[in-house]
1. Among the residues of the range 86-128, write down those that are aromatic (Phe, Trp, Tyr), touching a strand residue (DSSP E or B) at 6+ places or on another chain (Cβ under 7 Å) and closer than 21 Å to Leu169 by Cα.
2. Out of the residues in the range 49-102 that are surrounded by 14 or more Cβ atoms within 10 Å (Cβ to Cβ) and of a type in the set (Ser, Thr, Tyr), state the one that is farthest from Asp22 (Cα to Cα).
3. Residues that are over 18 Å from the mean Cα position of the chain (by Cα) and under 21 Å from Asp211 (Cβ atoms), at least 3 per element: which strands (runs of 3 or more DSSP E) completely within the range 1-93 meet that?
4. For Tyr117, work out the one condition from (1) closer than 21 Å to Lys93 by Cβ; (2) assigned to a helix (DSSP H, G or I) it doesn't fulfil.
5. Yes or no: the range 182-189 includes at least one residue that is over 21 Å from Gly38 (Cα atoms), at pLDDT below 90 and basic (Lys, Arg).
6. Quick one: count up the residues across the range 124-161 that are farther than 18 Å from Pro90 by Cβ and not in a helix (DSSP H, G or I).
7. Among the candidates Ser25, Ser107, Ser102, Ser73, which residue alone is more than 20 Å from Lys154 (Cα to Cα) and among the hydroxyl-bearing types (Ser, Thr, Tyr)?
Amino acid sequence: MLELKNISFTVDNSDGALEIIDDVSLTVDEGKFTVITGPNGGGKSTLAKLIMGIEKPTGGSIIFNGTDITDMSITQRAKLGIGYAFQQPPRFKGLTVRRLLSLAHGSELPEDECCAYLTNVGLCSREYLNREVDSSLSGGEVKRIEIASLLARKLDIAIFDEPEAGIDLWSFTALVNTFRAMNKNVHSSVLIISHQERIMQLADDIIIIADGKIRSKGPRDEILPQLLGEFDSNCDFRTKC
(Lines give C-alpha, C1' and ligand atoms only; values in the text may rest on other atoms or scores of the structure.)
Protein backbone atom coordinates (compact mmCIF):
# COMPACT_ATOMS: atom_id res chain seq x y z
CA MET A 1 0.00 0.00 0.00
CA LEU A 2 1.17 3.51 -0.86
CA GLU A 3 0.35 6.41 1.45
CA LEU A 4 1.03 10.09 0.86
CA LYS A 5 0.66 12.11 4.05
CA ASN A 6 0.36 15.90 3.78
CA ILE A 7 2.76 16.07 0.85
CA SER A 8 3.87 19.52 -0.30
CA PHE A 9 6.33 20.55 -2.99
CA THR A 10 7.50 24.14 -3.33
CA VAL A 11 10.03 25.61 -5.79
CA ASP A 12 11.68 29.01 -5.87
CA ASN A 13 11.20 31.30 -8.85
CA SER A 14 11.67 34.98 -9.66
CA ASP A 15 8.47 35.86 -7.80
CA GLY A 16 9.37 33.88 -4.69
CA ALA A 17 8.13 30.47 -3.57
CA LEU A 18 5.73 28.63 -5.89
CA GLU A 19 3.70 25.79 -4.38
CA ILE A 20 3.26 22.99 -6.92
CA ILE A 21 1.77 20.41 -4.54
CA ASP A 22 -0.24 21.68 -1.58
CA ASP A 23 -0.84 19.36 1.39
CA VAL A 24 -1.90 16.27 -0.58
CA SER A 25 -2.88 13.10 1.26
CA LEU A 26 -4.00 9.94 -0.52
CA THR A 27 -3.80 6.16 -0.40
CA VAL A 28 -3.29 3.64 -3.22
CA ASP A 29 -4.38 0.27 -1.89
CA GLU A 30 -2.61 -2.94 -2.82
CA GLY A 31 -3.95 -4.44 -6.04
CA LYS A 32 -5.94 -1.32 -6.96
CA PHE A 33 -5.99 0.41 -10.35
CA THR A 34 -5.91 4.16 -9.69
CA VAL A 35 -6.09 6.99 -12.24
CA ILE A 36 -5.03 10.55 -11.45
CA THR A 37 -6.51 13.14 -13.80
CA GLY A 38 -7.03 16.90 -13.96
CA PRO A 39 -5.99 19.98 -15.96
CA ASN A 40 -2.51 20.58 -17.33
CA GLY A 41 -0.21 22.23 -14.79
CA GLY A 42 -2.28 20.95 -11.89
CA GLY A 43 0.53 18.91 -10.35
CA LYS A 44 -0.25 15.37 -11.55
CA SER A 45 3.14 14.55 -13.05
CA THR A 46 4.96 16.23 -10.18
CA LEU A 47 3.09 14.02 -7.75
CA ALA A 48 4.16 10.91 -9.70
CA LYS A 49 7.79 12.10 -9.64
CA LEU A 50 7.59 12.62 -5.88
CA ILE A 51 6.41 9.04 -5.44
CA MET A 52 9.29 7.70 -7.56
CA GLY A 53 11.87 9.93 -5.86
CA ILE A 54 12.72 11.99 -8.94
CA GLU A 55 11.71 15.02 -6.88
CA LYS A 56 11.82 15.36 -3.10
CA PRO A 57 8.85 16.73 -1.15
CA THR A 58 9.35 19.90 0.86
CA GLY A 59 6.81 18.68 3.38
CA GLY A 60 5.00 15.52 4.43
CA SER A 61 5.92 11.86 4.15
CA ILE A 62 5.55 8.92 1.75
CA ILE A 63 4.93 5.47 3.18
CA PHE A 64 5.20 2.33 1.04
CA ASN A 65 4.18 -1.04 2.47
CA GLY A 66 4.77 0.29 5.97
CA THR A 67 8.21 1.79 5.22
CA ASP A 68 8.91 5.53 5.17
CA ILE A 69 10.53 6.12 1.76
CA THR A 70 10.43 9.93 1.85
CA ASP A 71 14.23 10.28 1.83
CA MET A 72 15.03 7.17 -0.23
CA SER A 73 16.71 7.41 -3.63
CA ILE A 74 15.17 6.31 -6.93
CA THR A 75 17.33 3.18 -6.85
CA GLN A 76 16.20 2.25 -3.35
CA ARG A 77 12.56 2.71 -4.30
CA ALA A 78 13.02 0.64 -7.44
CA LYS A 79 14.45 -2.19 -5.33
CA LEU A 80 11.33 -2.05 -3.18
CA GLY A 81 9.20 -2.68 -6.25
CA ILE A 82 8.23 0.79 -7.49
CA GLY A 83 8.40 1.34 -11.26
CA TYR A 84 7.91 4.51 -13.31
CA ALA A 85 7.30 5.19 -17.00
CA PHE A 86 8.18 8.74 -18.07
CA GLN A 87 6.13 11.02 -20.31
CA GLN A 88 9.31 11.43 -22.37
CA PRO A 89 11.44 8.29 -21.91
CA PRO A 90 15.25 8.36 -22.07
CA ARG A 91 17.15 6.80 -24.98
CA PHE A 92 20.10 4.42 -24.66
CA LYS A 93 22.56 4.27 -27.54
CA GLY A 94 24.14 0.82 -27.80
CA LEU A 95 21.39 -0.90 -25.79
CA THR A 96 19.05 -3.16 -27.76
CA VAL A 97 15.36 -3.49 -27.03
CA ARG A 98 15.79 -7.14 -26.10
CA ARG A 99 18.61 -6.31 -23.68
CA LEU A 100 16.55 -3.52 -22.10
CA LEU A 101 13.62 -5.87 -21.49
CA SER A 102 15.94 -8.49 -19.97
CA LEU A 103 17.55 -5.90 -17.69
CA ALA A 104 14.11 -4.76 -16.57
CA HIS A 105 13.06 -8.35 -15.90
CA GLY A 106 16.24 -9.10 -13.96
CA SER A 107 17.36 -12.05 -16.09
CA GLU A 108 17.70 -13.01 -19.75
CA LEU A 109 14.28 -13.20 -21.36
CA PRO A 110 13.50 -15.73 -24.09
CA GLU A 111 12.68 -14.21 -27.44
CA ASP A 112 9.03 -15.22 -27.32
CA GLU A 113 8.52 -13.48 -23.96
CA CYS A 114 10.19 -10.31 -25.25
CA CYS A 115 7.91 -10.43 -28.28
CA ALA A 116 4.85 -10.84 -26.06
CA TYR A 117 5.67 -7.71 -24.07
CA LEU A 118 6.21 -5.70 -27.26
CA THR A 119 3.03 -7.01 -28.84
CA ASN A 120 1.12 -5.92 -25.74
CA VAL A 121 2.10 -2.30 -26.40
CA GLY A 122 1.30 -2.41 -30.10
CA LEU A 123 4.70 -3.04 -31.66
CA CYS A 124 5.48 -5.57 -34.38
CA SER A 125 7.78 -7.35 -31.97
CA ARG A 126 10.43 -9.18 -34.00
CA GLU A 127 11.25 -6.05 -35.96
CA TYR A 128 12.35 -4.31 -32.76
CA LEU A 129 14.22 -6.89 -30.69
CA ASN A 130 17.69 -6.07 -32.03
CA ARG A 131 17.16 -2.36 -32.60
CA GLU A 132 18.91 0.08 -30.30
CA VAL A 133 16.87 2.32 -28.02
CA ASP A 134 18.32 5.44 -29.61
CA SER A 135 17.43 8.36 -31.88
CA SER A 136 16.51 5.99 -34.72
CA LEU A 137 13.23 5.31 -32.89
CA SER A 138 10.33 7.74 -32.85
CA GLY A 139 9.07 9.23 -29.59
CA GLY A 140 6.01 6.97 -29.69
CA GLU A 141 8.13 3.87 -30.26
CA VAL A 142 10.42 4.68 -27.33
CA LYS A 143 7.38 5.34 -25.15
CA ARG A 144 5.87 1.95 -25.96
CA ILE A 145 9.19 0.17 -25.40
CA GLU A 146 9.52 1.80 -21.99
CA ILE A 147 6.01 0.67 -21.05
CA ALA A 148 6.92 -2.85 -22.21
CA SER A 149 10.01 -2.75 -19.95
CA LEU A 150 7.79 -1.86 -17.00
CA LEU A 151 5.51 -4.79 -17.82
CA ALA A 152 8.58 -7.05 -17.80
CA ARG A 153 9.38 -6.12 -14.20
CA LYS A 154 7.84 -7.68 -11.11
CA LEU A 155 6.50 -4.59 -9.38
CA ASP A 156 4.44 -3.83 -6.31
CA ILE A 157 3.32 -0.58 -7.92
CA ALA A 158 3.67 0.53 -11.54
CA ILE A 159 3.36 4.26 -12.28
CA PHE A 160 2.56 5.37 -15.82
CA ASP A 161 2.75 9.09 -16.62
CA GLU A 162 0.38 9.79 -19.53
CA PRO A 163 1.07 6.48 -21.32
CA GLU A 164 -1.19 7.55 -24.21
CA ALA A 165 1.03 10.52 -25.18
CA GLY A 166 2.54 10.13 -28.64
CA ILE A 167 0.82 6.81 -29.30
CA ASP A 168 -1.39 6.28 -32.35
CA LEU A 169 -5.00 5.11 -32.13
CA TRP A 170 -4.26 1.47 -33.03
CA SER A 171 -1.43 1.16 -30.52
CA PHE A 172 -3.52 2.95 -27.89
CA THR A 173 -6.20 0.28 -28.26
CA ALA A 174 -3.58 -2.43 -27.64
CA LEU A 175 -2.32 -0.48 -24.64
CA VAL A 176 -5.79 -0.18 -23.13
CA ASN A 177 -6.24 -3.93 -23.55
CA THR A 178 -2.90 -4.45 -21.78
CA PHE A 179 -3.96 -2.29 -18.84
CA ARG A 180 -7.26 -4.15 -18.73
CA ALA A 181 -5.38 -7.45 -18.52
CA MET A 182 -3.10 -6.04 -15.79
CA ASN A 183 -6.15 -4.98 -13.84
CA LYS A 184 -7.61 -8.49 -14.01
CA ASN A 185 -4.53 -10.69 -13.78
CA VAL A 186 -1.79 -8.81 -11.90
CA HIS A 187 -1.98 -8.24 -8.16
CA SER A 188 0.37 -5.26 -8.09
CA SER A 189 -1.02 -1.74 -7.82
CA VAL A 190 -1.25 0.40 -10.96
CA LEU A 191 -1.19 4.21 -10.85
CA ILE A 192 -1.78 6.05 -14.12
CA ILE A 193 -1.70 9.77 -14.90
CA SER A 194 -4.16 10.17 -17.76
CA HIS A 195 -6.84 12.31 -19.40
CA GLN A 196 -8.28 9.44 -21.42
CA GLU A 197 -11.79 8.29 -20.59
CA ARG A 198 -11.03 4.75 -21.84
CA ILE A 199 -8.27 4.44 -19.26
CA MET A 200 -10.42 5.97 -16.52
CA GLN A 201 -13.07 3.35 -17.29
CA LEU A 202 -10.59 0.71 -16.08
CA ALA A 203 -9.94 2.39 -12.74
CA ASP A 204 -11.00 1.24 -9.31
CA ASP A 205 -10.45 4.76 -8.01
CA ILE A 206 -10.08 8.17 -9.67
CA ILE A 207 -8.31 11.18 -8.13
CA ILE A 208 -8.70 14.67 -9.59
CA ILE A 209 -5.76 17.03 -9.00
CA ALA A 210 -6.09 20.76 -9.75
CA ASP A 211 -3.91 23.68 -8.59
CA GLY A 212 -1.75 21.30 -6.60
CA LYS A 213 -4.64 20.03 -4.50
CA ILE A 214 -7.00 17.07 -4.55
CA ARG A 215 -10.27 18.38 -5.89
CA SER A 216 -12.07 15.07 -5.45
CA LYS A 217 -11.34 11.37 -5.14
CA GLY A 218 -13.32 8.19 -4.88
CA PRO A 219 -14.51 5.06 -6.70
CA ARG A 220 -14.73 5.25 -10.51
CA ASP A 221 -18.50 4.82 -10.48
CA GLU A 222 -18.77 7.93 -8.32
CA ILE A 223 -16.12 10.23 -9.84
CA LEU A 224 -16.29 9.47 -13.57
CA PRO A 225 -19.98 10.38 -13.95
CA GLN A 226 -19.17 13.72 -12.28
CA LEU A 227 -16.49 14.39 -14.91
CA LEU A 228 -18.66 13.29 -17.80
CA GLY A 229 -21.50 15.37 -16.43
CA GLU A 230 -19.34 18.50 -16.45
CA PHE A 231 -18.24 18.20 -20.05
CA ASP A 232 -19.74 16.86 -23.27
CA SER A 233 -18.23 13.98 -25.25
CA ASN A 234 -15.83 16.36 -27.02
CA CYS A 235 -14.30 17.62 -23.79
CA ASP A 236 -10.52 17.57 -23.47
CA PHE A 237 -9.52 16.85 -19.88
CA ARG A 238 -6.13 18.43 -20.62
CA THR A 239 -7.54 21.93 -20.71
CA LYS A 240 -10.49 21.79 -18.34
CA CYS A 241 -11.47 19.96 -15.22
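1. Scanning the range 86-128 gives a single hit, Phe86.
2. Ranking the qualifying residues of the range 49-102, first place goes to Thr96.
3. Counting at least 3 such residues, we get 2-13, 16-28.
4. If we test Tyr117 against (1) closer than 21 Å to Lys93 by Cβ; (2) assigned to a helix (DSSP H, G or I), just (1) comes out false.
5. yes
6. Residues meeting the conditions: 7.
7. Ser25
Matching residues to (1) surrounded by 16 or more Cβ atoms within 10 Å (Cβ to Cβ); (2) within 27 Å of Gly41 (Cβ to Cβ); (3) free of Cβ contacts under 8 Å to residues at least 12 places away in the same chain:
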position	(1), (2), (3)
Ala104	yes, no, no
Asp112	no, no, yes
Ser125	yes, no, yes
Arg131	no, no, no
Glu141	yes, no, no
Ile167	yes, yes, no
Phe179	yes, yes, no
Ser189	yes, yes, no
Ile193	yes, yes, no
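The values are calculated or read from the model by the stated rules, or taken from the named source; none is laboratory data. As the structure is a prediction and not an experimental result, all values here were calculated from the model. Cβ atoms come from the backbone with ideal geometry, glycine included; neighbour counts cover every protein chain shown.
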